[in-house]
Amino acid sequence: MKKLGQPLPTRTPTFVAIARHPIHPMVVPFPIAFLMIIVATDFAYLWTEDEFWGRVSLWLAGGGTILGILAGIIGTIELLVIRGIRHRAAGWSHFVMAVMLLAVAFINWLTRLEDPLAAIHGSGLYLSLLGAALVAVAGWLGGELVFEHNVGLGKDQNKDKADEQDGDGDQ
């Protein structure tokens, strides 16, 4: 219980990184874009009745789901390995929203596999709208982790001091 009363660290480093650059924020823009654009391609199909848009929605749902799972694996590793993320409510809330989003994205993709056009008239558009809403909430919580809690921005303390000294002399 004593550790729950301790203050959270001001900066939380990343674990899954290339040259100290976190991989999770590099991967998430693709599933975010794919899952948000499905709404537009679904409406484009309903408006134009052009089969192209139905096929695009199918591919976006598949790509968004697969890349979202990749981003989810990386994010889950970060959550489980880094204590500074686990101890934040925003970290767990982001995780829960992301899991819900991946479930909706997978179901959306699965319903489109057999007949992408019929799926849009059925539950496809509703699943796309729900997915877009979940993307917005999960993204907001992920942004809170980065911008409010500085998750993934942790630096070596000696490097920080050297940066500060370099910055003062350059100006």
(Q) Need one number: nm distance between label points at ALA33 and VAL81, each 7 Å from Cα along Cα→Cβ, rounded to one decimal. (A) 2.6
Q. Under a Cβ-Cβ cut-off of 12 Å, what is the net charge of the residues other than ALA90 that fall near it, where Lys and Arg count +1 and Asp and Glu count -1?
A. 0
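Suppose R0 equals 41 Å; then what is the FRET efficiency for MET100 and GLU51 from their Cβ-Cβ distance, rounded to the nearest 0.05?
0.85
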**Q.** Label-zone membership for the stretch 116-150, site PHE43, 7 angstrom Cα→C-beta point, backbone N under 17 Å
**A.** 120-121, 124-136
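Over the stretch 21-164, what relative contact order in percent results from Cα pairs under 8 Å that are six or more residues apart? Each step should come with its number before you reach the end.
On the way: 148 pairs, mean separation 40.8, N = 144.
The value is 28 percent.
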Q. Once the mean 1/r over all distinct Cα pairs of the stretch 21-164 is inverted, what Kirkwood radius in angstroms do you read off?
A. 16.1
(Q) Per 0.36 nm of contour for each residue apart, how much would the distance between ALA19 and ILE107 grow if the chain were fully extended, relative to their Cα-Cα spacing? (A) 28.1 nm
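Computed from the coordinates by the stated procedures, all read-outs in this text should not be read as laboratory data. Quick caveat: nothing in here was measured; it's all calculated off a predicted structure. In this analysis, Cβ positions are derived from the backbone assuming ideal geometry, glycine residues included, and neighbour counts consider all displayed protein chains.
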